[in-house]
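Q: Below: one structure in C-alpha coordinates.
The values are calculated or read from the model by the stated rules, or taken from the named source; none is laboratory data. Everything quoted here is computed from the prediction, not taken from an experiment. Backbone-built Cβ (ideal geometry, glycine too); neighbour counts: all protein chains shown.
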Amino acid sequence: MATRRVTTRGHDPSERVAEAENGHAKDGKARFDHIYNQPDPRPYFQTLEQFGYEIPAHGQAMFTLLVAKLLEEKRPEDLAVLDLCCSYGVNATLLNHDLTLDDLYQRYRSPELADLSSRELADDDARFYGSRRRRSPLPMLGIDTADQAVGYAARAGLLAVGSHENLETADPSESLRRCLAGVGLITVTGGIGYISERTFDRVLQATGGTPWVASFALRWVSYDPIASVLDKHGLVTETLATRTFPQRRFTDEAERAYVLAELARIGIDPAGKEAKGRYHAHFYLSRPAAHVKQLPLEELAAGL
Ligand SMILES: C[S@@+](CC[C@H](N)C(=O)[O-])C[C@H]1O[C@@H](n2cnc3c(N)ncnc32)[C@H](O)[C@@H]1O
(Lines give C-alpha, C1' and ligand atoms only; values in the text may rest on other atoms or scores of the structure.)
Protein backbone atom coordinates (compact mmCIF):
# COMPACT_ATOMS: atom_id res chain seq x y z
CA MET A 1 0.00 0.00 0.00
CA ALA A 2 1.36 3.48 -0.79
CA THR A 3 0.52 6.73 0.93
CA ARG A 4 0.63 10.31 -0.20
CA ARG A 5 0.65 13.53 1.76
CA VAL A 6 -2.48 15.54 1.20
CA THR A 7 -1.65 18.90 -0.28
CA THR A 8 -2.60 21.79 1.97
CA ARG A 9 -2.41 24.41 -0.78
CA GLY A 10 -4.67 24.13 -3.81
CA HIS A 11 -6.40 21.00 -5.01
CA ASP A 12 -4.99 17.81 -6.42
CA PRO A 13 -5.96 18.02 -10.14
CA SER A 14 -7.43 14.52 -10.01
CA GLU A 15 -9.88 15.72 -7.38
CA ARG A 16 -10.79 19.12 -8.72
CA VAL A 17 -14.08 19.59 -6.98
CA ALA A 18 -15.57 23.06 -6.88
CA GLU A 19 -16.16 24.31 -3.32
CA ALA A 20 -19.81 25.07 -3.94
CA GLU A 21 -20.58 21.48 -4.83
CA ASN A 22 -18.18 19.89 -2.40
CA GLY A 23 -20.81 18.20 -0.32
CA HIS A 24 -23.42 15.53 -0.06
CA ALA A 25 -26.24 17.63 -1.47
CA LYS A 26 -25.46 16.88 -5.12
CA ASP A 27 -28.54 16.83 -7.35
CA GLY A 28 -28.27 13.23 -8.45
CA LYS A 29 -27.11 11.68 -5.15
CA ALA A 30 -29.84 9.79 -3.31
CA ARG A 31 -30.88 11.57 -0.10
CA PHE A 32 -31.48 9.76 3.16
CA ASP A 33 -32.32 12.74 5.36
CA HIS A 34 -35.66 11.17 6.35
CA ILE A 35 -33.92 8.33 8.24
CA TYR A 36 -31.25 10.40 10.00
CA ASN A 37 -33.42 11.76 12.81
CA GLN A 38 -36.05 9.19 13.73
CA PRO A 39 -36.86 8.23 17.34
CA ASP A 40 -34.93 4.97 16.97
CA PRO A 41 -32.39 3.37 14.59
CA ARG A 42 -34.61 0.78 12.88
CA PRO A 43 -35.40 2.83 9.75
CA TYR A 44 -31.73 3.85 9.47
CA PHE A 45 -30.35 0.33 9.47
CA GLN A 46 -33.21 -1.24 7.48
CA THR A 47 -32.87 1.36 4.73
CA LEU A 48 -29.08 1.43 4.49
CA GLU A 49 -28.79 -2.36 4.56
CA GLN A 50 -30.73 -2.45 1.29
CA PHE A 51 -27.90 -0.54 -0.36
CA GLY A 52 -25.07 -2.46 1.29
CA TYR A 53 -23.88 0.53 3.35
CA GLU A 54 -20.54 -0.74 4.60
CA ILE A 55 -18.25 2.18 5.43
CA PRO A 56 -18.67 1.80 9.25
CA ALA A 57 -17.33 -1.77 8.89
CA HIS A 58 -14.19 -0.41 7.20
CA GLY A 59 -14.10 2.23 9.93
CA GLN A 60 -14.21 -0.45 12.61
CA ALA A 61 -11.16 -2.21 11.13
CA MET A 62 -9.17 1.00 10.64
CA PHE A 63 -10.13 2.75 13.90
CA THR A 64 -9.33 -0.41 15.87
CA LEU A 65 -5.78 -0.32 14.46
CA LEU A 66 -5.41 3.35 15.37
CA VAL A 67 -6.77 2.81 18.88
CA ALA A 68 -4.31 -0.07 19.44
CA LYS A 69 -1.47 2.26 18.47
CA LEU A 70 -2.71 5.10 20.67
CA LEU A 71 -3.18 2.73 23.61
CA GLU A 72 0.57 2.08 23.61
CA GLU A 73 0.80 5.50 25.31
CA LYS A 74 -2.52 5.76 27.18
CA ARG A 75 -4.95 3.79 29.28
CA PRO A 76 -8.32 3.10 27.56
CA GLU A 77 -10.22 5.25 30.04
CA ASP A 78 -7.96 8.18 29.09
CA LEU A 79 -8.39 7.84 25.32
CA ALA A 80 -11.56 9.81 24.56
CA VAL A 81 -12.82 9.29 21.01
CA LEU A 82 -15.05 11.86 19.27
CA ASP A 83 -17.20 10.55 16.43
CA LEU A 84 -18.42 13.37 14.18
CA CYS A 85 -21.75 12.79 12.38
CA CYS A 86 -22.24 9.96 14.86
CA SER A 87 -25.88 9.27 14.02
CA TYR A 88 -27.25 6.53 16.32
CA GLY A 89 -23.75 5.78 17.65
CA VAL A 90 -22.72 3.34 14.93
CA ASN A 91 -18.96 3.82 15.25
CA ALA A 92 -19.15 3.91 19.06
CA THR A 93 -20.99 0.60 18.96
CA LEU A 94 -18.44 -1.02 16.67
CA LEU A 95 -15.42 0.25 18.65
CA ASN A 96 -16.61 -0.65 22.13
CA HIS A 97 -18.54 -3.89 21.58
CA ASP A 98 -17.98 -7.38 20.26
CA LEU A 99 -20.28 -6.76 17.33
CA THR A 100 -20.06 -6.29 13.56
CA LEU A 101 -22.09 -4.05 11.29
CA ASP A 102 -23.87 -7.15 10.03
CA ASP A 103 -24.89 -7.93 13.63
CA LEU A 104 -26.49 -4.48 13.82
CA TYR A 105 -28.32 -4.94 10.52
CA GLN A 106 -29.61 -8.28 11.74
CA ARG A 107 -30.69 -6.86 15.11
CA TYR A 108 -32.63 -3.90 13.74
CA ARG A 109 -34.52 -5.96 11.18
CA SER A 110 -35.35 -8.76 13.59
CA PRO A 111 -39.08 -9.57 13.96
CA GLU A 112 -38.69 -9.86 17.79
CA LEU A 113 -37.88 -6.17 18.05
CA ALA A 114 -40.33 -4.97 15.41
CA ASP A 115 -43.22 -4.25 17.79
CA LEU A 116 -41.25 -2.48 20.53
CA SER A 117 -41.80 1.24 21.03
CA SER A 118 -38.70 3.40 20.60
CA ARG A 119 -38.44 3.73 24.38
CA GLU A 120 -38.69 -0.06 24.85
CA LEU A 121 -36.10 -0.62 22.14
CA ALA A 122 -33.68 1.81 23.83
CA ASP A 123 -34.07 -0.12 27.10
CA ASP A 124 -33.53 -3.42 25.29
CA ASP A 125 -30.53 -1.98 23.46
CA ALA A 126 -29.01 -0.74 26.73
CA ARG A 127 -29.19 -4.32 28.07
CA PHE A 128 -27.96 -5.85 24.83
CA TYR A 129 -24.99 -3.52 24.42
CA GLY A 130 -24.15 -3.85 28.11
CA SER A 131 -23.80 -7.60 27.58
CA ARG A 132 -21.54 -7.14 24.52
CA ARG A 133 -19.33 -4.32 25.83
CA ARG A 134 -15.57 -4.88 25.62
CA ARG A 135 -13.65 -5.18 28.87
CA SER A 136 -12.00 -1.76 28.63
CA PRO A 137 -14.35 0.48 26.68
CA LEU A 138 -13.18 3.86 25.42
CA PRO A 139 -15.00 7.03 26.49
CA MET A 140 -17.05 7.85 23.35
CA LEU A 141 -18.33 11.31 22.47
CA GLY A 142 -20.64 11.93 19.53
CA ILE A 143 -21.80 15.01 17.66
CA ASP A 144 -24.60 14.97 15.09
CA THR A 145 -27.22 17.59 14.28
CA ALA A 146 -29.86 14.82 14.43
CA ASP A 147 -30.95 15.36 18.04
CA GLN A 148 -33.13 12.26 18.24
CA ALA A 149 -30.38 10.00 16.92
CA VAL A 150 -27.81 11.35 19.37
CA GLY A 151 -30.31 11.18 22.22
CA TYR A 152 -31.04 7.55 21.37
CA ALA A 153 -27.34 6.65 21.34
CA ALA A 154 -26.85 8.24 24.75
CA ARG A 155 -29.96 6.48 26.20
CA ALA A 156 -28.77 3.13 24.90
CA GLY A 157 -25.46 3.67 26.70
CA LEU A 158 -23.36 4.01 23.54
CA LEU A 159 -22.15 7.57 24.09
CA ALA A 160 -20.75 9.08 27.28
CA VAL A 161 -21.48 12.50 25.77
CA GLY A 162 -23.80 13.27 22.86
CA SER A 163 -24.36 16.69 21.34
CA HIS A 164 -26.53 17.95 18.49
CA GLU A 165 -24.80 21.32 18.21
CA ASN A 166 -24.15 22.34 14.61
CA LEU A 167 -20.49 23.32 14.48
CA GLU A 168 -20.82 24.30 10.82
CA THR A 169 -22.71 27.37 11.93
CA ALA A 170 -21.64 28.23 15.47
CA ASP A 171 -18.91 27.77 18.03
CA PRO A 172 -19.41 25.00 20.60
CA SER A 173 -21.19 25.92 23.81
CA GLU A 174 -19.08 26.19 26.93
CA SER A 175 -20.30 22.79 28.18
CA LEU A 176 -19.48 21.05 24.87
CA ARG A 177 -16.11 22.77 24.78
CA ARG A 178 -15.31 21.35 28.22
CA CYS A 179 -16.27 17.82 27.06
CA LEU A 180 -14.07 18.11 23.96
CA ALA A 181 -10.94 19.09 25.88
CA GLY A 182 -8.35 16.32 25.69
CA VAL A 183 -10.04 14.17 23.00
CA GLY A 184 -7.37 11.84 21.56
CA LEU A 185 -9.00 10.52 18.38
CA ILE A 186 -11.62 11.97 16.04
CA THR A 187 -13.42 9.66 13.62
CA VAL A 188 -15.80 10.26 10.68
CA THR A 189 -17.64 7.84 8.39
CA GLY A 190 -20.21 9.06 5.88
CA GLY A 191 -20.08 12.62 7.19
CA ILE A 192 -17.49 14.56 5.17
CA GLY A 193 -19.40 16.94 2.93
CA TYR A 194 -22.11 17.35 5.54
CA ILE A 195 -19.35 18.80 7.71
CA SER A 196 -16.52 20.89 6.36
CA GLU A 197 -13.32 22.51 7.57
CA ARG A 198 -15.52 24.83 9.68
CA THR A 199 -16.50 21.99 12.04
CA PHE A 200 -12.93 20.68 12.24
CA ASP A 201 -11.54 24.12 13.03
CA ARG A 202 -14.01 24.57 15.89
CA VAL A 203 -13.48 21.07 17.22
CA LEU A 204 -9.67 21.36 17.16
CA GLN A 205 -9.81 24.70 18.94
CA ALA A 206 -11.83 23.03 21.68
CA THR A 207 -9.89 19.78 22.00
CA GLY A 208 -6.54 21.54 22.38
CA GLY A 209 -3.49 19.31 21.83
CA THR A 210 -3.05 17.26 18.69
CA PRO A 211 -5.66 14.47 18.48
CA TRP A 212 -5.45 12.09 15.55
CA VAL A 213 -8.18 12.71 12.94
CA ALA A 214 -9.35 9.70 10.92
CA SER A 215 -11.91 10.26 8.15
CA PHE A 216 -13.42 8.38 5.25
CA ALA A 217 -14.57 10.73 2.46
CA LEU A 218 -16.17 9.95 -0.89
CA ARG A 219 -13.74 10.26 -3.78
CA TRP A 220 -15.57 13.20 -5.31
CA VAL A 221 -15.26 15.28 -2.14
CA SER A 222 -11.99 17.21 -1.88
CA TYR A 223 -10.40 16.85 1.55
CA ASP A 224 -7.88 19.64 0.88
CA PRO A 225 -9.74 22.41 2.76
CA ILE A 226 -9.98 20.14 5.82
CA ALA A 227 -6.31 19.11 5.54
CA SER A 228 -5.39 22.82 5.43
CA VAL A 229 -7.27 23.55 8.62
CA LEU A 230 -5.78 20.52 10.34
CA ASP A 231 -2.32 21.65 9.21
CA LYS A 232 -2.98 24.95 11.00
CA HIS A 233 -3.60 22.90 14.15
CA GLY A 234 -0.30 21.01 13.80
CA LEU A 235 -1.54 17.89 11.99
CA VAL A 236 -0.12 16.39 8.81
CA THR A 237 -2.62 14.53 6.61
CA GLU A 238 -1.86 11.33 4.70
CA THR A 239 -4.11 9.20 2.54
CA LEU A 240 -3.75 5.65 1.26
CA ALA A 241 -2.93 6.27 -2.39
CA THR A 242 -3.50 2.74 -3.62
CA ARG A 243 -6.55 1.68 -1.67
CA THR A 244 -10.14 2.93 -1.55
CA PHE A 245 -13.08 1.66 0.48
CA PRO A 246 -16.50 0.83 -0.96
CA GLN A 247 -19.25 2.83 0.78
CA ARG A 248 -22.59 1.67 -0.64
CA ARG A 249 -24.33 0.53 -3.81
CA PHE A 250 -26.03 3.10 -6.00
CA THR A 251 -29.74 3.21 -5.31
CA ASP A 252 -30.68 2.87 -8.97
CA GLU A 253 -29.53 3.29 -12.54
CA ALA A 254 -30.18 7.04 -12.45
CA GLU A 255 -27.84 7.54 -9.49
CA ARG A 256 -25.19 5.39 -11.16
CA ALA A 257 -25.38 7.37 -14.40
CA TYR A 258 -25.22 10.65 -12.47
CA VAL A 259 -22.17 9.60 -10.43
CA LEU A 260 -20.26 8.33 -13.45
CA ALA A 261 -20.99 11.55 -15.35
CA GLU A 262 -19.90 13.67 -12.37
CA LEU A 263 -16.67 11.70 -11.95
CA ALA A 264 -15.92 12.08 -15.66
CA ARG A 265 -16.55 15.80 -15.40
CA ILE A 266 -14.08 16.25 -12.52
CA GLY A 267 -11.51 13.85 -13.97
CA ILE A 268 -11.72 10.84 -11.65
CA ASP A 269 -11.39 7.44 -13.32
CA PRO A 270 -14.19 5.12 -12.07
CA ALA A 271 -12.69 1.92 -13.50
CA GLY A 272 -12.77 -0.97 -11.05
CA LYS A 273 -14.53 1.21 -8.48
CA GLU A 274 -17.71 3.26 -9.07
CA ALA A 275 -18.03 1.65 -12.51
CA LYS A 276 -18.81 -1.58 -10.63
CA GLY A 277 -21.82 0.03 -8.92
CA ARG A 278 -20.63 1.43 -5.56
CA TYR A 279 -19.46 4.71 -4.17
CA HIS A 280 -15.83 4.57 -3.06
CA ALA A 281 -14.17 6.56 -0.28
CA HIS A 282 -10.59 7.56 0.49
CA PHE A 283 -9.22 7.21 4.01
CA TYR A 284 -7.40 10.20 5.51
CA LEU A 285 -5.34 10.25 8.70
CA SER A 286 -4.00 13.46 10.25
CA ARG A 287 -1.36 13.36 12.99
CA PRO A 288 1.59 15.33 14.34
CA ALA A 289 4.55 15.21 11.90
CA ALA A 290 6.68 13.23 14.36
CA HIS A 291 4.11 10.40 14.46
CA VAL A 292 3.90 10.35 10.65
CA LYS A 293 7.69 10.10 10.42
CA GLN A 294 7.86 7.37 13.05
CA LEU A 295 5.13 5.21 11.48
CA PRO A 296 3.77 6.26 8.06
CA LEU A 297 0.12 5.43 7.40
CA GLU A 298 1.15 2.83 4.82
CA GLU A 299 2.92 0.82 7.54
CA LEU A 300 0.28 1.50 10.15
CA ALA A 301 -2.44 0.21 7.81
CA ALA A 302 -0.43 -2.76 6.58
CA GLY A 303 -2.36 -5.01 8.98
CA LEU A 304 -5.69 -4.27 7.29
C1 LIG B 1 -24.54 9.27 6.02
S2 LIG B 1 -24.91 9.64 7.70
C3 LIG B 1 -23.49 8.87 8.46
C4 LIG B 1 -23.78 8.40 9.86
C5 LIG B 1 -22.73 7.47 10.49
N6 LIG B 1 -21.47 8.14 10.68
C7 LIG B 1 -22.56 6.23 9.67
O8 LIG B 1 -21.55 6.09 8.96
O9 LIG B 1 -23.45 5.36 9.69
C10 LIG B 1 -24.56 11.37 7.80
C11 LIG B 1 -24.84 11.98 9.17
O12 LIG B 1 -24.37 13.34 9.18
C13 LIG B 1 -25.23 14.08 10.01
N14 LIG B 1 -25.04 15.52 9.80
C15 LIG B 1 -25.50 16.27 8.76
N16 LIG B 1 -25.11 17.55 8.91
C17 LIG B 1 -24.36 17.60 10.06
C18 LIG B 1 -23.66 18.65 10.75
N19 LIG B 1 -23.65 19.90 10.30
N20 LIG B 1 -23.01 18.36 11.90
C21 LIG B 1 -23.01 17.08 12.37
N22 LIG B 1 -23.67 16.05 11.77
C23 LIG B 1 -24.32 16.32 10.63
C24 LIG B 1 -26.61 13.54 9.67
O25 LIG B 1 -27.56 13.86 10.65
C26 LIG B 1 -26.31 12.04 9.55
O27 LIG B 1 -26.49 11.40 10.79
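Q: With the requirement that a residue be over 14 Å from T187 (Cα atoms) and either in contact with a helix residue (DSSP H, G or I) (Cβ under 8 Å, 6 or more places away or on another chain) or without any contact (Cβ under 8 Å) to a residue 40 or more places away in the chain (or both), what does the range 210-220 give you?
A: Within the range 210-220, R219, W220 meet the criteria.
Q: Could you check, for the range 233-248, whether at least one of its residues is of a type in the set (D, E), at negative phi and within 16 Å of the ligand (Cβ to nearest atom)?
A: Checked the range 233-248: no residue is of a type in the set (D, E), at negative phi and within 16 Å of the ligand (Cβ to nearest atom).
Q: Give L104, L141, L176, L167 a once-over and let me know the one that is part of a loop (DSSP other than H, G, I, E, B) and either in contact with a helix residue (DSSP H, G or I) (Cβ under 6 Å, 6 or more places away or on another chain) or within 13 Å of the ligand (Cβ to nearest atom) (or both).
A: Answer to the check: L167.
Q: Right, next: Return the residue satisfying two criteria in turn: it lies in the range 61-89 and is more than 19 Å from T207 (Cα to Cα) and not in a helix (DSSP H, G or I), and of such residues it is farthest from the chain's Cα centre (by Cα).
A: The residue in question is E72.
Q: Out of G190, G234, I need the residue that is over 17 Å from E168 (Cβ atoms) and either of a type outside the set (A, V, I, L, M, F, W, C) or in a loop (DSSP other than H, G, I, E, B) (or both). Which one?
A: Within the list G190, G234, the selection yields G234.
Q: Now, a different point. Can you tell me which residue is surrounded by the most Cβ atoms within 10 Å (Cβ to Cβ) among those in the range 76-101 that are touching a residue at least 60 places away in the same chain (Cβ under 8 Å) and more than 16 Å from the ligand (Cβ to nearest atom)?
A: Looking at residues that are touching a residue at least 60 places away in the same chain (Cβ under 8 Å) and more than 16 Å from the ligand (Cβ to nearest atom), I get A80.
Q: If we keep just the residues of the range 203-225 that are of a type in the set (S, T, N, Q) and over 30 Å from E262 (Cβ atoms), which is surrounded by the most Cβ atoms within 10 Å (Cβ to Cβ)?
A: Among those that are of a type in the set (S, T, N, Q) and over 30 Å from E262 (Cβ atoms), it is T207.
Q: Tally time: how many residues in the range 235-258 are over 18 Å from G191 (Cα atoms) and in contact with a Gly (Cβ under 9 Å, 6 or more places away or on another chain)? Give the steps one after another, and end with the answer.
A: At the first step, the residues of the range 235-258 found to be over 18 Å from G191 (Cα atoms) are 235-236, 238, 240-243, 251-258.
Still in the list and also in contact with a Gly (Cβ under 9 Å, 6 or more places away or on another chain): 254-258.
Adding up the residues that qualify gives 5.
Condition check ((1) over 18 Å from the mean Cα position of the chain (by Cα); (2) among the aliphatic types (A, V, I, L, M); (3) modelled with pLDDT of 95 or more) across all residues:
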{"site": "T169", "(1), (2), (3)": "yes, no, yes"}
{"site": "T189", "(1), (2), (3)": "no, no, yes"}
{"site": "I192", "(1), (2), (3)": "no, yes, yes"}
{"site": "R198", "(1), (2), (3)": "no, no, yes"}
{"site": "A206", "(1), (2), (3)": "yes, yes, yes"}
{"site": "G209", "(1), (2), (3)": "yes, no, no"}
{"site": "A214", "(1), (2), (3)": "no, yes, yes"}
{"site": "A217", "(1), (2), (3)": "no, yes, yes"}
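Q: Which of the following residues is in contact (Cβ under 8 Å) with a residue 40 or more places away in the chain and surrounded by 16 or more Cβ atoms within 10 Å (Cβ to Cβ): A281, A289?
A: Details: A289 fails: surrounded by 16 or more Cβ atoms within 10 Å (Cβ to Cβ).
Answer to the selection: A281.
Q: Follow-up question, since we're still on this one. Just for the range 113-145: of the residues that are of a type in the set (S, T, N, Q) and farther than 29 Å from L70 by Cα, which one is surrounded by the most Cβ atoms within 10 Å (Cβ to Cβ)?
A: So in the range 113-145, the residues of a type in the set (S, T, N, Q) come out as 117-118, 131, 136, 145.
With the extra rule that they be farther than 29 Å from L70 by Cα, the set shrinks to 117-118.
Working: S117: 10, S118: 15.
Here the answer is S118.
Q: Could you look through the range 179-219, keep only residues that are β-branched (V, I, T) and more than 14 Å from the ligand (Cβ to nearest atom), and pick out the one that is farthest from T145 (Cα to Cα)?
A: Of everything passing the filter in the range 179-219, T210 is farthest from T145 (Cα to Cα).
Q: Is there any pair with a first residue in the range 121-149 that is within 18 Å of T100 (Cβ to Cβ) and a second that is within 16 Å of the ligand (Cβ to nearest atom) and assigned to a loop (DSSP other than H, G, I, E, B) whose Cβ atoms are under 7 Å apart and which are 6 or more apart or on different chains, and what are they?
A: Note: pairs meeting the criteria are D125/A156; Y129/A156; Y129/L158; R132/L99; M140/L158; M140/L159.
Q: Considering only residues that are over 30 Å from L295 (Cβ atoms) and either crowded, with 20+ Cβ neighbours inside 10 Å or more than 14 Å from the ligand (Cβ to nearest atom) (or both), which ones fall in the range 51-74?
A: Across the range 51-74, the qualifying residue is only Y53.
Q: So, one more: Going through A92, A57 one at a time, which residue ends up being more than 15 Å from G142 (Cβ to Cβ), assigned to a helix (DSSP H, G or I) and either at pLDDT 95 or above or hydroxyl-bearing (S, T, Y) (or both)?
A: On inspection, the qualifying residue turns out to be A57.
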